[in-house]
Amino acid sequence: MDFDSRDSDARDEDRFAPAPDRNDNGPSLGRGGGASRESQEDGSSARELMQAREREREERPLDNDVRAVFTRDLNLPRGAGRELVRDRDREYTLRGSESRTLATVGAFRVVSSRDLRDHNDQPADPRSGDLRHLREQGLVEEVRVAGYREPAVALTKQGRSLLERHRDGDKEGRQTFYNGVKRERELEHDLQVYRAYERQAERLEARGARVDRVVLDYELKRDYQRWLHERDRDRTDYDGHPDRTPDEIRGWAAEHDLPYFDGELHFPDLRIEYQEADGRLDHDDIDVVTEHYRGAHAASVAKSGFISFRGESAKLGGSPFDPERRRA
């Protein structure tokens, strides 16, 4: 994506008003739909198999679920029943699927409700279930997208505060969380970044790799801007232009494994950091290419060497993501 200095993200330290008191404990995690009541042996076996699979999914370590990577270092509920969670002077109730939704939305800033899963592992419904419960507690907000049936979902400040205050220590390289919608003009594009992640993460998981975290272009650009202007704050003759040379920028790009060509540094939409089955650390850089990419922009994406996903518009339904290219 093209660099925009307005994309740098400052953490908000505002204090928040208390959330309303909630007494909704919600239903327990469902056991699938339409289990037979027949007493025949084959019916009983099918029902037991269904229940066993449900238990396996519930008990599967979150480390192995590409949709739950982002809860790995959070001290939040992971079970089927809702539990009390406190943040400062507020109280909330969450279950494992809601913790996962908060962390996933926070990691990607904005996710379509159609890409989230409810407590019964069905597509989330903004009118009921997890999303309604999170919205009524003031932890998420919904944003309508022109031409889409489903709303986009983003964290509120309260939702991000809850995640930040329930981190498991202060680990280096921890997942960054965001709140609010930042680039409304690019909302349709940004909604597709999570879908590209899920596709690529499933491929990584299939070969035994473990996703550690994701890094959005916001974070890469923020780090670059900090480095670019690091020496400027002490300059009395600063004219708004950094004094980094092309060779210095090229070196920074190489250090961060980013392409530098045509006099510019190029950033992917998404970086997935992961550990291979043999313990090696690596990352995949991904760019989502939409129908609006034309001319020089499209050529630049092709030259970058990023893994490119062709994202068809999801308006009123759409075709899935197709990977077009892998980095050599």
field: The listed residue being outside any helix (DSSP H, G or I), in the same structural domain as Phe70 (by TED's automatic domain parsing) and either buried (at least 21 other Cβ atoms within 10 Å of the Cβ) or among the acidic types (Asp, Glu) (or both), out of Glu98, Glu91
entry: Glu91
field: Cβ pairs under 8 Å, 6+ apart, first in the stretch 263-279 and more than 14 Å from Asp212 (Cβ to Cβ), second among the polar types (S, T, N, Q)
entry: His266/Ser300; His266/Ser304; Pro268/Ser304
- prompt: Only one residue in Arg271, Arg250, Arg310, Arg327 is of a type in the set (D, E, K, R), modelled with pLDDT under 95 and under 29 Å from Leu228 (Cα atoms), so which one is that?
  reply: Arg327
- prompt: Are there any pairs, at least 6 apart or on different chains, whose C-beta atoms fall under 7 Å, with the first in the stretch 240-256 and under 15 Å from Asp223 (Cβ atoms) and the second of a type in the set (D, E, K, R), and if so, which?
  reply: Pro242/Asp232
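Conditions tested, residue by residue: (1) in contact with a Gly (Cβ under 7 Å, 6 or more places away or on another chain); (2) of a type in the set (Asp, Glu); (3) modelled with pLDDT of 95 or more.
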position	(1), (2), (3)
Thr101	no, no, yes
Val110	no, no, yes
His119	yes, no, no
Leu139	yes, no, yes
Val145	no, no, no
Leu155	yes, no, yes
Arg160	yes, no, yes
Glu164	no, yes, yes
Lys171	no, no, no
message: I need every pair where a residue in the stretch 187-205 that is over 17 Å from Gly106 (Cα atoms) has its Cβ under 7 Å from the Cβ of a residue that is of a type in the set (Phe, Trp, Tyr) and surrounded by fewer than 23 Cβ atoms within 10 Å (Cβ to Cβ), sequence separation at least 6 or different chains.
response: Arg199/Phe321; Leu204/Tyr274
task: Hey, can you tell me all the residues within the stretch 221-279 that are in contact with a strand residue (DSSP E or B) (Cβ under 7 Å, 6 or more places away or on another chain) and farther than 30 Å from Ser308 by Cα?
output: none
message: Step by step: first the residues of the stretch 121-134, then only those that are of a type in the set (D, E, K, R) and at pLDDT 95 or above, then the one that is surrounded by the fewest Cβ atoms within 10 Å (Cβ to Cβ). Which residue is that?
response: Arg132
- prompt: Restricting the stretch 183-203 to residues that are touching a helix residue (DSSP H, G or I) at 6+ places or on another chain (Cβ under 8 Å) and surrounded by fewer than 17 Cβ atoms within 10 Å (Cβ to Cβ), which is modelled with the highest pLDDT?
  reply: Glu198
query: Is it true that Asp232 is modelled with pLDDT under 90 and touching a Pro at 6+ places or on another chain (Cβ under 7 Å)?
result: yes
- line: Flagged in the stretch 135-147 as more than 16 Å from Tyr178 (Cα to Cα) and surrounded by 21 or more Cβ atoms within 10 Å (Cβ to Cβ), in numbering order, are Gln137
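The values are calculated or read from the model by the stated rules, or taken from the named source; none is laboratory data. These numbers were taken from a predicted model, which means no experiment stands behind them. Note that we place each Cβ from the backbone using ideal geometry, even for glycine, and neighbour counts take in every protein chain shown.
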